[in-house]
Amino acid sequence: MQFGIKNLRRLRDVSPVELKPITLLVGRNSSGKSSFLRLFPLLRQSLMTRTSSPILWYGDLVDFGTYSTAVSSPSQQKEICFSFVFDEIKIEPDYFWTDDGPLETIPADYTTVALDVVIGPADTIGPSEAARTNVTSLSLTSADPDISFELRVSSGQKVSELRIDGVDALRDFGSLGLQITPGTILPEILFVSSDSETAAVTRRRRTEGEFVPILMRLIRPHLPRNFKEEVLLDAVTELLSARAFSPTRMMRAAQNTNSTRWRRFVADLASGREPALFQKIRAVCAAIALSDLLKRVDLQLRNILSNVLYIGPARARSERYYRYQDLSVSEIDPDGKNFPMFLNSLSSYQFRKLSEWIEELFEYGISLHREGGHISINLTAKGNISNIVDTGYGVSQILPVLAQIWWARSRPMSATPSRQAPFSLLAIEQPELHLHPAHQALLADALVGEVGLSPESGGRFGSKINFLVETHSETLINRLGELVHSGSLNHRDVQILLFEPHPSGEHVTTVRTASFNEAGELVDWPYGFFQPTVD
């Protein structure tokens, strides 16, 4: 996945960047690094929590305040845009019901699918509504097949405009309107039909049955009067099941009917003899394809974001004893406060593996001592045992980070219907705090060791682990270059995002990418980046 953001704090326009196995964020203080990194736990807490607005700005993981404190220029009425790009989206076959029973839809693949979701303030502003936001527009494009969708949403979550390749499509839907589900960043399309006699409004999930009469009404005037209605009904149903929004798909669907006249009619459409009618039929079929695409993109996004882990820059100070709590902790808090209870929740096998992994890197293991209603964390090194409080502040700060790195690979993944391999994204802020440079270099070894467990490298768990790390450590960056040079890390698996002030002097950050070449040398690295001033 690639990810970009517009109009959030200093990040006025960050084009989508690929999430590589290791992505470092570097730059001066208050340059927007933390804002970018925290967007991933923000999206996780927004997607995985039932909310009344698309984004949960303040939650258990991160605190962005409100929309008004997060948007770049509220005075200019700009809106925040979240951008996602996926290499491939696979649409699985589905079934819809006709009068003759269930009909299977044709599976499809979409490559380079780009999605922009724009968030803005709700139209109704009152004492209780001031912080409410809505999805105001959504655009989705695919490179193959080549198609684009643009939705604009008005008050009441009604779709006021749907443009398919720039052409207005709503006008062909007749009395059938569109709405989106509120309270989610990636909404589902609802179809709204009204009964003119009772003025009752019915909202329902997508069903092809809604579109059959629309297509029949569009096509009927262009066929001979003696063309049988039941043949037209079957032919239109085939168009819908094939998602026939391209000439190739239309021709393929026509081959499944026995009517020579219908196949000739479709051939004329596909050849471009009636472009206006083709555009109308295409719009109806593409609206269903949009519904399919949104559902699948939502599934893909949840597969990634539901497994986001985050640990912040300031971890809780260690204590000599912790009050025992009978809790089952499945995740370390961003500030590491529940780290002792997390360790206590691990099985004896998991705890031993974690201790062995830390000892392999830093030459000390960990153990828990339980006495009465308290537990304590001890470090073990060469037969010596000492309480964590007696070993220096840096150790207490790095242990939750190390445990989070290990847990990103070892934990059971959140279950999703997606057939893709489980995906973990671990976002870490300044893991090098209070560490000696030699230990900062060992952090790079820890990251690279876990990247080496990915499926592409014959990993043990079949999961993909990506690290997003904000850092000020020149040592950590140099160590990654050494690991590339030695062959321990592929140079394509690591990138560095440079957050720099805009040349105009505005309160805006520009983001560009630096990388390593095969020799481990930095490419596109700015001169004097770590120096206080540059002449």
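The values are calculated or read from the model by the stated rules, or taken from the named source; none is laboratory data. Nothing here was measured: the structure is a model prediction, and the numbers come from that model. Reconstructed Cβ throughout: ideal geometry from the backbone, glycine too, with neighbour counts over all protein chains shown. Keep in mind that these areas ignore ligands, DNA and RNA; they rest on the heavy atoms of the full protein, side chains included. Shrake-Rupley method; radii C 1.70, N 1.55, O 1.52, S 1.80 Å.
Specify which residue in the list Ser155, Leu433, Gln350 is farthest towards the positive end of the charge dipole of the chain, using unit charges on the beta carbon of Lys, Arg (+1) and Asp, Glu (-1), about the Cα centre.
Of Ser155, Leu433, Gln350, it is Ser155.
Ignoring ligands and nucleic acids, what accessible area does Lys228 show with a 1.4 Å probe (Å², nearest 10)?
Surface accessible to solvent at Lys228 totals approximately 120 Å².
Distance between the C-alpha centers of segment 493-509 and segment 370-390? Whole Å please.
Each part reduced to its Cα centre gives a spacing of 44 Å.
Give me the net charge of Glu500's neighbourhood, meaning all other residues with Cβ under 9 Å from the Cβ of Glu500; Lys, Arg count +1, Asp, Glu -1.
Numbers: positive: Arg28, Arg512; negative: none.
Net of charged neighbours comes to +2.
Please determine, in degrees from 0 to 90 and to the nearest 10, the orientation of helix 437-451 with respect to the longest principal axis defined by the Cα atoms of the chain, where the helix direction is its Cα long axis.
The angle comes out at about 40 degrees.
Dipole of segment 249-302, Cα-centred, from +1 at each Lys and Arg C-beta and -1 at each Asp and Glu C-beta, to the nearest 20 debye? Please report the intermediate quantities before stating the final value.
Details: 11 positive and 4 negative charges, 24 e Å.
Dipole size: approximately 120 debye.
For helix 474-486, report the angle its Cα long axis makes with the longest principal axis of the Cα atoms of the chain; keep it between 0 and 90° and round to the nearest 10°.
Taking Cα atoms only, the helix is inclined about 70 degrees.
Ignoring ligands, DNA and RNA, what percent of the accessible area of the chain is carbon or sulfur (1.4 Å)? Each step should come with its number before you reach the end.
Working: 11670 of 24820 Å².
Within the chain, the accessible surface is 47 percent carbon and sulfur.
Along the charge dipole of the chain, pointing to its positive end and built from +1/-1 on Cβ of Lys, Arg, Asp and Glu, which listed residue (Thr111, Ile281, Ala242) has its Cα farthest out?
Of the listed residues, the answer is Ile281.
With a probe of 1.4 Å, find how much accessible area segment 240-395 has per residue, and write the answer as a whole number in Å². Walk me through the intermediate numbers first.
Details: 7230 Å² over 156 residues.
It amounts to 46 Å² per residue over segment 240-395.
With charges only on Cβ, +1 for K and R and -1 for D and E, what is the dipole size of the chain about its Cα centre, in debye, rounded to 20? Write out the running numbers ahead of the final one.
Values: 54 positive and 62 negative charges, 172 e Å.
For the chain, the charge dipole is close to 820 debye.
Among the DSSP beta bridges whose two residues both lie in the chain, what percent are antiparallel, rounded to the nearest 5?
Numbers: 81 of 102 bridges.
Percent antiparallel among DSSP bridges in the chain is about 80.
Excluding residues on the same chain fewer than 8 positions from Lys33, give the lysines whose Cα lies under 28 Å from its Cα.
Candidates past the 8-residue exclusion: Lys6, Lys20, Lys78, Lys337, Lys464.
In the chain, how does Rg compare with the Kirkwood Rh, expressed as the Rg/Rh ratio over alpha carbon atoms? Intermediate values should be presented prior to the final figure.
Numbers: Rg = 27.6 Å, Rh = 26.3 Å.
Ratio value, two decimals: 1.05.
So, taking all protein chains as they sit and a 1.4 Å probe, how much accessible area belongs to Val14, in Å² rounded to tens?
Counting only protein heavy atoms, the figure is 10 Å².
What do you reckon, how do Met251, Met341, Met216 stack up by accessible area (1.4 Å probe), largest on top? Please report the intermediate quantities before stating the final value.
Details: Met251 70, Met341 10, Met216 35 Å².
Most to least solvent-accessible, the answer reads Met251, Met216, Met341.
So for segment 465-533, considering every pair of alpha-carbon atoms, how many percent are separated by more than 17 Å? Don't jump to the answer; show the numbers that get you there.
On the way: 1117 of 2346 pairs.
For segment 465-533, the fraction of Cα-Cα distances above 17 Å is 48 percent.
So what is the relative contact order for segment 1-54, in percent, with contacts set as C-alpha pairs under 8 Å and at least six apart?
Values: 36 pairs, mean separation 13.0, N = 54.
Once normalised by length, the contact order is 24 percent.
Show me the ranking of peptides 146-159, 295-308 by mean Cβ neighbours inside 10 Å, starting with the highest.
On the way: 146-159: 16.1, 295-308: 19.9.
Most protected by this proxy first, the peptides run 295-308, 146-159.
Read phi for every residue in segment 426-436 and hand back ³J(HN,Hα) as whole Hz from Karplus 6.51 cos²θ - 1.76 cosθ + 1.60, θ = phi - 60°, with x for Gly and Pro.
10, 9, 10, 9, 6, x, 7, 4, 6, 9, 4
Explain nothing, just the number: relative contact order of the chain, from Cα pairs under 8 Å at least 6 residues apart, as a whole percent. Could you put the intermediate results ahead of the total?
Numbers: 972 pairs, mean separation 80.7, N = 535.
For the chain, the relative contact order is 15 percent.
When the helix-only estimate is applied to the chain (DSSP H runs of n ≥ 4, each -39,500 (n - 2.57), divided by the residue count), what is the mean residue ellipticity at 222 nm, nearest 500 deg cm²/dmol?
Values: 12 runs with 158 residues, N = 535.
About -9500 deg cm²/dmol.
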